[in-house]
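This report concerns only the one structure given below.
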Amino acid sequence: MSDVLYVNGRFTTTDERVLGVEDRGFQFGDAVYEVFKFLGKRPIFLAEHHRRMESGLRTIGIPSPWDEARFAAVVGELLERTAFDDGIVYVQVSRGEARRAHFYPDDMTPTVIAYSRSFAFPDAAAKERGIAVVTTPDLRWRQCQVKSVNLLPNAMAKKKAQRAGATEAIFVGDGVVREGASSSFFGVRGGRAVTHPLDDHILPGVVRDHVLRLARAANIGVDERPLREDELHEIDEAFITSTTMGVMPVVAIDGGAVGNGVRGAITTTLQRMLDEAEARRDSADRG
């Protein structure tokens, strides 16, 4: 079944081929993207995804195609046209199409696409079972706070994880644990959740930020600090966060068990709190 596609102000389906061969997103990776979840055709944390996209566009100098109200209106119509109730929406904004050259014109018109897609989110059993991860050197560019479509290092890291029988790869650079190839990473040590601070080494994850707020609301200690690679064998629990995985326990790292090898108490609490936050009717509107 074709998915609903929005492209440059009109709706069609993903059966239509709409991208020009000289679009800079295609040839240079000159684009940013967002992925957000919807449940019962309600977008989850939409305002925060829009803010992150706007920040990335400003950083690399692409004019924003829409303000928050227009973005919400387009998403609303996209989901109205979608045949299923739960899934994800992928949004991409590139600098636009021009004759191929490293130098680009200053007056380019961005290419804007968005499409809905069904997605099998982890069920209760998967959320209890957890996942294994592997560590891998961080070979990405230095502006990881931009959600760029330049994802070759991420894709290669994911393939490394798959070949090792794991689900996710965790980037490590200069002896510090940074984040997953498509997720944020948390360790739990001495009852406190530890995650890398916001800087140009990590993406400001929308779910990450919600989990930090939930942890503080539950009086769970939080340390936003660099977690050293050599601390990984000392942590009691670990989990990743992302739009599609929510809060997912990490039960093994590089083949070794984390803690006692099962989902921990703090991870369980934060899972439940995030699920409740996503289920609330006002979750799409909180900022």
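The values are calculated or read from the model by the stated rules, or taken from the named source; none is laboratory data. Owing to the predicted nature of the structure, the values given are computational and were not obtained by experimental measurement. As a convention, Cβ positions derive from the backbone with ideal geometry for all residues, glycine included, and neighbour counts pool all protein chains shown.
Please find, among Ile62, Ile113, the residue that is farther than 30 Å from Ala277 by Cβ, modelled with pLDDT of 95 or more and in contact with a Ser or Thr (Cβ under 9 Å, 6 or more places away or on another chain). Please lay out each step first, then the result.
Numbers: Ile113 fails: farther than 30 Å from Ala277 by Cβ.
Criteria check complete, one pass: Ile62.
Any idea which of Val89, Val32, Val75, Val7 is surrounded by fewer than 20 Cβ atoms within 10 Å (Cβ to Cβ) and among the hydrophobic types (A, V, I, L, M, F, W, C)? Write out each step before concluding.
Details: Val89 fails: surrounded by fewer than 20 Cβ atoms within 10 Å (Cβ to Cβ); Val32 fails: surrounded by fewer than 20 Cβ atoms within 10 Å (Cβ to Cβ); Val75 fails: surrounded by fewer than 20 Cβ atoms within 10 Å (Cβ to Cβ).
On inspection, the qualifying residue turns out to be Val7.
Let me spell it out: the conditions are (1) in a loop (DSSP other than H, G, I, E, B); (2) under 18 Å from the mean Cα position of the chain (by Cα); (3) free of Cβ contacts under 8 Å to residues at least 40 places away in the same chain, and Phe171 meets all of them except one. Which number is the exception?
Condition not satisfied by Phe171: (1).
Pairs under 7 Å by beta carbon, first residue without any contact (Cβ under 8 Å) to a residue 40 or more places away in the chain and more than 21 Å from Pro43 (Cα to Cα) in the range 223-247, partner in a strand (DSSP E or B) and among the hydroxyl-bearing types (Ser, Thr, Tyr), six or more apart or different chains?
Sorted first by the residue in the range 223-247, then by its partner, the pairs are Glu224/Thr195.
Gly175: exposed (fewer than 15 other Cβ atoms within 10 Å of the Cβ) and farther than 13 Å from Leu232 by Cβ, yes or no?
Working: exposed (fewer than 15 other Cβ atoms within 10 Å of the Cβ): yes; farther than 13 Å from Leu232 by Cβ: no.
Here the answer is no, as Gly175 does not meet what is asked.
Would you say Ala157 is without any contact (Cβ under 8 Å) to a residue 40 or more places away in the chain and farther than 28 Å from Asp199 by Cα? Spell out how you get there, then give the answer.
Working: without any contact (Cβ under 8 Å) to a residue 40 or more places away in the chain: yes; farther than 28 Å from Asp199 by Cα: no.
No, not satisfied.
Just a yes or no: is a residue in the range 105-124 assigned to a helix (DSSP H, G or I) and buried (at least 17 other Cβ atoms within 10 Å of the Cβ)? Give the steps one after another, and end with the answer.
Let us first name the residues in the range 105-124 that are assigned to a helix (DSSP H, G or I), namely 124.
Keeping just the survivors that are buried (at least 17 other Cβ atoms within 10 Å of the Cβ) gives none.
The answer is no, given that none of the residues of the range 105-124 is assigned to a helix (DSSP H, G or I) and buried (at least 17 other Cβ atoms within 10 Å of the Cβ).
Within the range 48-77, track down each residue that is in a helix (DSSP H, G or I), closer than 19 Å to Leu203 by Cβ and among the β-branched types (Val, Ile, Thr).
Correct list: Thr59, Ile60.
Give just the number: which of (1) exposed (fewer than 15 other Cβ atoms within 10 Å of the Cβ); (2) under 20 Å from Ser148 (Cα atoms); (3) touching a residue at least 40 places away in the same chain (Cβ under 8 Å) does Asp67 not satisfy?
(3)
Take the residues in the range 178-196 that are crowded, with 22+ Cβ neighbours inside 10 Å and either among the charged types (D, E, K, R) or not assigned by TED's automatic domain parsing to the domain that holds Val149 (or both); name whichever of them is nearest to Val149 (Cα to Cα).
Glu179
What do you reckon, is Ala238 closer than 13 Å to Arg192 by Cα, assigned to a helix (DSSP H, G or I) and among the hydrophobic types (A, V, I, L, M, F, W, C)? Talk me through it step by step, then tell me what you get.
Details: closer than 13 Å to Arg192 by Cα: yes; assigned to a helix (DSSP H, G or I): no; among the hydrophobic types (A, V, I, L, M, F, W, C): yes.
No; evaluated as a whole, the condition is false for this residue.
Look through Arg263, Arg208, Arg216, Arg280 and report the one residue that is closer than 30 Å to Gly87 by Cβ, free of Cβ contacts under 8 Å to residues at least 24 places away in the same chain and not aromatic (Phe, Trp, Tyr).
Exactly one of Arg263, Arg208, Arg216, Arg280 is closer than 30 Å to Gly87 by Cβ, free of Cβ contacts under 8 Å to residues at least 24 places away in the same chain and not aromatic (Phe, Trp, Tyr), namely Arg280.
Answer yes or no as to whether Asp199 is out of contact with any Lys or Arg (no Cβ under 8 Å at 6 or more places or on another chain), surrounded by fewer than 19 Cβ atoms within 10 Å (Cβ to Cβ) and over 19 Å from Ala169 (Cα atoms). Walk me through it before giving the result.
On the way: out of contact with any Lys or Arg (no Cβ under 8 Å at 6 or more places or on another chain): yes; surrounded by fewer than 19 Cβ atoms within 10 Å (Cβ to Cβ): yes; over 19 Å from Ala169 (Cα atoms): yes.
Spelling it out, Asp199 is indeed out of contact with any Lys or Arg (no Cβ under 8 Å at 6 or more places or on another chain), surrounded by fewer than 19 Cβ atoms within 10 Å (Cβ to Cβ) and over 19 Å from Ala169 (Cα atoms).
Test Gly256 against the criterion of being among the small types (Gly, Ala, Ser) and surrounded by 14 or more Cβ atoms within 10 Å (Cβ to Cβ), and give yes or no. Write out each step before concluding.
Values: among the small types (Gly, Ala, Ser): yes; surrounded by 14 or more Cβ atoms within 10 Å (Cβ to Cβ): no.
Judged against the criteria, Gly256 is not a match.
Looking at the range 1-46, what strands (runs of 3 or more DSSP E) fall wholly within it and have at least 3 residues that are aromatic (Phe, Trp, Tyr)? First the steps, then the outcome.
Working: elements: 4-7, 10-13, 31-39.
Answer list for the range 1-46: 31-39.
Within the range 243-250, is there a residue that is under 21 Å from Ala164 (Cβ atoms), assigned by TED's automatic domain parsing to the domain that holds Arg192, more than 21 Å from the chain's Cα centre (by Cα) and not in a helix (DSSP H, G or I)? Write out each step before concluding.
To start, the set of residues in the range 243-250 that are under 21 Å from Ala164 (Cβ atoms) comprises 244-245, 248-250.
In the following step, the residues that additionally are assigned by TED's automatic domain parsing to the domain that holds Arg192 were identified as 244-245, 248-250.
Next cut, more than 21 Å from the chain's Cα centre (by Cα) only: none.
Within the range 243-250, not a single residue is under 21 Å from Ala164 (Cβ atoms), assigned by TED's automatic domain parsing to the domain that holds Arg192, more than 21 Å from the chain's Cα centre (by Cα) and not in a helix (DSSP H, G or I).
Quick check on this structure: which one of Arg95, Arg99 is surrounded by 20 or more Cβ atoms within 10 Å (Cβ to Cβ), of a type in the set (D, E, K, R) and over 27 Å from Met245 (Cβ atoms)?
Numbers: Arg99 fails: surrounded by 20 or more Cβ atoms within 10 Å (Cβ to Cβ).
Step by step, each of Arg95, Arg99 is checked, and only Arg95 is surrounded by 20 or more Cβ atoms within 10 Å (Cβ to Cβ), of a type in the set (D, E, K, R) and over 27 Å from Met245 (Cβ atoms).
Answer yes or no: is there a residue in the range 91-103 that is under 20 Å from the mean Cα position of the chain (by Cα) and either modelled with pLDDT under 95 or among the hydrophobic types (A, V, I, L, M, F, W, C) (or both). Talk me through it step by step, then tell me what you get.
Residues of the range 91-103 under 20 Å from the mean Cα position of the chain (by Cα): 91-94.
After this cut, where a residue has to be either modelled with pLDDT under 95 or among the hydrophobic types (A, V, I, L, M, F, W, C) (or both) as well, the list is 91, 93.
Yes, because at least one residue in the range 91-103 is under 20 Å from the mean Cα position of the chain (by Cα) and either modelled with pLDDT under 95 or among the hydrophobic types (A, V, I, L, M, F, W, C) (or both).
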